[in-house]
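The values are calculated or read from the model by the stated rules, or taken from the named source; none is laboratory data. Source: prediction; values computed, not measured. Here the Cβ positions follow ideal geometry from the backbone for every residue, glycine too, while neighbour counts run over all protein chains shown. Surface accessibility is based on the protein's heavy atoms, side chains included, excluding ligands, DNA and RNA. Shrake-Rupley method; radii C 1.70, N 1.55, O 1.52, S 1.80 Å.
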Amino acid sequence: MVTSKDICQIGRPHIMDLNDDCLGMIVRRLNVMQQYQISKLHTRFKQIVKSQWRCKLNHVVVYPELLENIDEVTFVGFMQEVGLHMQSLLMRHCDIRYLRLLSDQIFNRVETFGWMGEGGSGGGGEAGDSGGEELSEFQGDREKQFLDEDLHLLTRIFPKLQVLKLRGCQITGKYLAQFSSLKHLSLDDCQCLESDNFQEVFQELKLRKFDIMEDCDEINCCDLIELKKCPTLEHIKIADYHLCFDTDIINDILRMPNLKKLSIYSKNFVFDVLERISRTNLKQIVAFKFNGVLHNFERFFRELNHMRHLKKLSFYECRGYDIEGIRDHMLVQISKQFADLEEIHLCSCDLESDRGVLSFVQNCHKLKLINLTSCRKGISESVIWRCMELMKKQKWRTHHLEMWLKDTYIDKAILEDPRYMYNNRFLKLDFKQSLQDSNPPGVLKFTFST
């Protein structure tokens, strides 16, 4: 029997009475800055935080809310601690002076750095007070912006940088060529870029991916002619205003020996871009993806017919102005053209009916995947039963066909329907898988055979 005297001797319960597993569960619920702060309170917390960071802290995101009530000394100490583990750092809508506080540091493990500033269109409404009394007052517009001097600073504090992503920066680009290890360069909403700096970038760097697709209007087709001086490029992302259709720049790009992917953002010249590239003899197109709104589906699908070797065809949120959606006869026509097609993605598209979808099952003998994620119009449960009936008649079929149905009106209870469970050999339904498209609306992406 426990007496009141025994209870008094035991004392009040304390958080440090918990075992390491329980303390670890508490620590995992904290953000990375809170984890750093709690590690200073007790050696057990320090060991737990260090153990978790050693296993999981590859990518660190710094944002204004994380820095609330954080002074300069705490921030520098925090960065020194996480710098022992992180390989990727993203600073999102931060006061630029936080980055400048790191001028005396070197982070040898960091291979990826991203800065998301508040440029002309890339800022957003999340920014605001970055926290910290010592950094609470801005001293003018220049102190808010990511400038050339800050780019030069990155070359010192991240000497092994391989991926650099900048958005909303006021840089001219004159220090970009100093990142000798850089493989991936992404510049979005950088309105002050100067074309003179890009000749050195393409000559000096062995880039594999170059992205200047969004809101970099100062760079035009004449500047991107120098792209061909970087033969290591595998993926290029540009906008249609970077191309001049009466010059040979597109052919120069398509002649690049290692080019595997070309993404072009187009607001006004979708058909010109598609016509110029789909009819080329310089590269064999094996995959094509488009997301956005079209005013002429008929012309668009006619151009697709020139891509005879497609293995993957993808549409994301593809809708039209003058018609309600993608018509069945358009899908039927291209299904007859693409004998090697293995995947068809029709995510969030408005379809006329399931007839167009079923034409791929009938005509494309190598088809392995139909992705109907988020298709709410033109698709019903009947597509499954009709597909199963069609596949029963295909004596040649020896491989399974997957159909992705996440976020459609088809109830996943169909998986327990006896008609599906006992009469189905090759159709596999999946209500979990999906693919996300990170590009803005209006991007045409071409993938070429190697």
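Considering every residue within the stretch 187-208, establish whether at least one is open to solvent by 10 Å² or more (accessible area, probe 1.4 Å), in contact with an Asp or Glu (Cβ under 6 Å, 6 or more places away or on another chain) and in a loop (DSSP other than H, G, I, E, B). Scanning the stretch 187-208, I find at least one residue that is open to solvent by 10 Å² or more (accessible area, probe 1.4 Å), in contact with an Asp or Glu (Cβ under 6 Å, 6 or more places away or on another chain) and in a loop (DSSP other than H, G, I, E, B), so the answer is yes. More than 28 Å from the chain's Cα centre (by Cα), among the basic types (Lys, Arg) and farther than 26 Å from MET421 by Cβ: which single residue out of ARG319, ARG386, ARG397, ARG327 fits that description? After ruling out the rest, the residue left standing is ARG327. Restricting to the stretch 256-298, and then to whatever is aliphatic (A, V, I, L, M) and in a loop (DSSP other than H, G, I, E, B), can you tell me which residue is farthest from the chain's Cα centre (by Cα)? Residue satisfying both the conditions and the ranking: LEU282.
Has the stretch 315-338 got at least one residue that is touching a Lys or Arg at 6+ places or on another chain (Cβ under 6 Å) and of a type in the set (D, E, K, R)? Within the stretch 315-338, one or more residues are touching a Lys or Arg at 6+ places or on another chain (Cβ under 6 Å) and of a type in the set (D, E, K, R). When the residues of the stretch 49-104 are filtered to those that are among the polar types (S, T, N, Q) and outside any loop (DSSP other than H, G, I, E, B), the one that is nearest to the chain's Cα centre (by Cα) is SER88.
The single condition among (1) open to solvent by 30 Å² or more (accessible area, probe 1.4 Å); (2) modelled with pLDDT under 95; (3) more than 25 Å from ASN108 (Cα to Cα); (4) within 25 Å of the chain's Cα centre (by Cα) that HIS242 does not satisfy is (1). Residues in the stretch 109-123 that are at pLDDT 95 or above and part of a loop (DSSP other than H, G, I, E, B): ARG109, VAL110, GLU111.
Go through the stretch 43-64 and give me each residue that's of a type in the set (D, E, K, R) and open to solvent by 100 Å² or more (accessible area, probe 1.4 Å).
Step one: filter the stretch 43-64 for residues of a type in the set (D, E, K, R), giving 44, 46, 50, 54, 56.
Once the filter is applied, which keeps residues that are of a type in the set (D, E, K, R) and open to solvent by 100 Å² or more (accessible area, probe 1.4 Å), the stretch 43-64 yields ARG54, LYS56.
For the stretch 249-271, the criterion of a residue being of a type outside the set (Ser, Thr, Tyr), at positive phi and at pLDDT below 90 is satisfied by no position. Among the residues of the stretch 152-181, those identified as in a loop (DSSP other than H, G, I, E, B), in contact with a Leu (Cβ under 7 Å, 6 or more places away or on another chain) and surrounded by fewer than 22 Cβ atoms within 10 Å (Cβ to Cβ) are LEU161, GLN162, GLN170, THR172, TYR175, SER181. Each residue in the stretch 292-339 was checked for being in contact with a strand residue (DSSP E or B) (Cβ under 6 Å, 6 or more places away or on another chain), over 16 Å from LEU367 (Cα atoms) and open to solvent by less than 10 Å² (accessible area, probe 1.4 Å), and 7 pass.
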